[in-house]
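Here's the structure we're looking at; comments come further down.
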Amino acid sequence: MANSSDFANIPGMTKDMRDGVIAALDALSNWRHEVETANERCLGEVLDRTSAIARSMGWPDQAVSTTREYLEKTSKVQVEMIDQIMDGWKQQLKSATAPMAFPGSFTGQVPGAMPEFSAFAPWNLWLQAAEMWQRTWMPDTRSH
């Protein structure tokens, strides 16, 4: 949880802004915790069930393990993205030169992170995962 003393001496930041920053960081922290908790609670069963049904449908072992790995990595990436956003904000707010400027870390300095800032990046990640999931499970009707 963020502490108001962490952001007490930021030039140009009003009390309302500081309270808003703390509320935003707390909300991100809570969301991260909920995502991580849900992954811990549900991911194992999801992986076991999807792997079992894929095997029963005759999928090759490599396809089953690739799907499993993709789901595991996707669940970790969402938590890592939330961490990167929180860290980027905190680092920028502690900057001696431009504490209220757009965080440079949001523009792709971290390998595997957003190449440019997009407020929809977390949603795009899940949409891409859903599309890949659909492609995996949908029969190919082009040849019929």
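Side notes on the structure shown:
- Estimated FRET transfer efficiency when R0 is 30 angstrom, pair residue 68-residue 31 (beta carbons, to 0.05): 0.75
- Most to least accessible of 81, 17 (protein chains only, probe 1.4 Å): 17, 81
- Largest to smallest in accessible area, the residues 6, 16, 83 fall in the order 16, 6, 83 (1.4 Å probe, all protein chains included).
- A probe of 1.4 angstrom, applied to the heavy atoms of all protein chains, finds residue 5 with accessible area near 80 square angstrom.
- Cα-based reach from residue 73 at 28 Å (exclusive), listing lysines while leaving out same-chain residues under 8 positions away: 90
- Taking only protein heavy atoms and a 1.4 Å probe, the accessible area of the stretch 40-88 is 54% carbon and sulfur.
- The heavy atoms of residue 72 present about 70 square angstrom of accessible area, all protein chains included, probe 1.4 Å.
- Magnitude of the charge dipole for the stretch 1-80, about its Cα centre and with charges confined to Cβ atoms of Lys, Arg (+1) and Asp, Glu (-1), is about 140 debye.
- Spatially proximal aspartates and glutamates relative to residue 15 (Cα-Cα < 13 Å; intrachain offsets below 8 disregarded): 6
The values are calculated or read from the model by the stated rules, or taken from the named source; none is laboratory data. Because the structure is a prediction, the values reported are computed rather than measured. Using ideal geometry, Cβ is built from the backbone for each residue, glycine included, and neighbour counts are taken over all protein chains shown. Accessible surface areas use protein heavy atoms only, side chains included; no ligands, DNA or RNA. Shrake-Rupley method; radii C 1.70, N 1.55, O 1.52, S 1.80 Å.
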